[in-house]
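Undergrad: Got a structure for you, questions after.
What follows is calculated from the coordinates using simple rules that are stated; it is not laboratory data. The shown structure was predicted, so the numbers you read here are calculated from the model rather than taken from an experiment. Using ideal geometry, Cβ is built from the backbone for each residue, glycine included, and neighbour counts are taken over all protein chains shown.
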Amino acid sequence: MSIFHLAYNVRDLAEARAFYGDLLGCAEGRSTDTWVDYNFFGHQLSLHLGEPFATATTGHVGDHLVPMPHLGVILPKADWDALAEKLSAAGVEFVLKPFTRFAGEPGEQSTMFFTDPSGNPIEIKGFADMSGVFAT
């Protein structure tokens, strides 16, 4: 199994720690005064102080436009449900509220889009059957 690594900018490390650590529940790893690593659902995410990348709502998925580029992860459906409930209860403003798309089709998935405090878009998908992730 391979572990994915992604590094991008955030404007404030304290805000990032509250969001990724406290809200999303990601374990913090190494850090300095200018960056912090997180275990982002089994993958390495490095957040560096700086200006976040530009994004635009240009990705066409079904009837929706989604922010591009974006970071995402795929969770088992029960974990996705729990996270969607936690984020909703915390008052997170969703770009796309939690919903299920491609119902009854190969690749049926639940999804939600939101941004971190620096505006970095994140998509979390949930699959009842993880073998359907690459289904056509």
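Undergrad: Along the positive direction of the dipole of the chain (beta-carbon charges: Lys, Arg +1; Asp, Glu -1; about the Cα centre), which of Ile3, Ser131, Gly72 reaches farthest?
TA: Result: Ser131, furthest along the dipole toward the positive end.
Undergrad: Here's another thing I want to ask about it. Mind checking the dipole of the chain: about its Cα centre, +1 per Lys or Arg Cβ, -1 per Asp or Glu Cβ, Debye to the nearest 20?
TA: With Lys and Arg at +1 and Asp and Glu at -1, about 100 debye.
Undergrad: Out of Ala78, Ala18, Ala89, any idea which swings most in a Gaussian network model of the chain, alpha carbons joined below 10 Å?
TA: It is Ala89.
Undergrad: Take the chain, connect every pair of alpha-carbon atoms lying under 10 Å apart with a spring to form a Gaussian network, then pick out the residue of Pro67, Pro98, Pro76 with the largest mean-square fluctuation.
TA: It is Pro76.
Undergrad: Go ahead and estimate [θ] at 222 nm for the chain from helices alone: -39,500 (n - 2.57) per DSSP H run with n ≥ 4, summed, over the residue count, rounded to 500.
TA: Value at 222 nm, helices only, nearest 500: -3500 deg cm²/dmol.
Undergrad: What size of dipole, in debye to the nearest 20, comes out for the range 56-132 about its Cα centre when the only charges are +1 on Lys and Arg C-beta atoms and -1 on Asp and Glu C-beta atoms?
TA: In debye, rounded to 20, the range 56-132 gives about 80.
Undergrad: Something else now. Angle, helix 77-89 long axis vs. longest principal axis of the chain, Cα atoms, 0 to 90°, nearest 10?
TA: For 77-89 against the chain, the angle is about 60 degrees.
Undergrad: With the alpha-carbon atoms as the only input, what is the per residue convex hull volume for the chain in Å³?
TA: It is 111 Å³ per residue.
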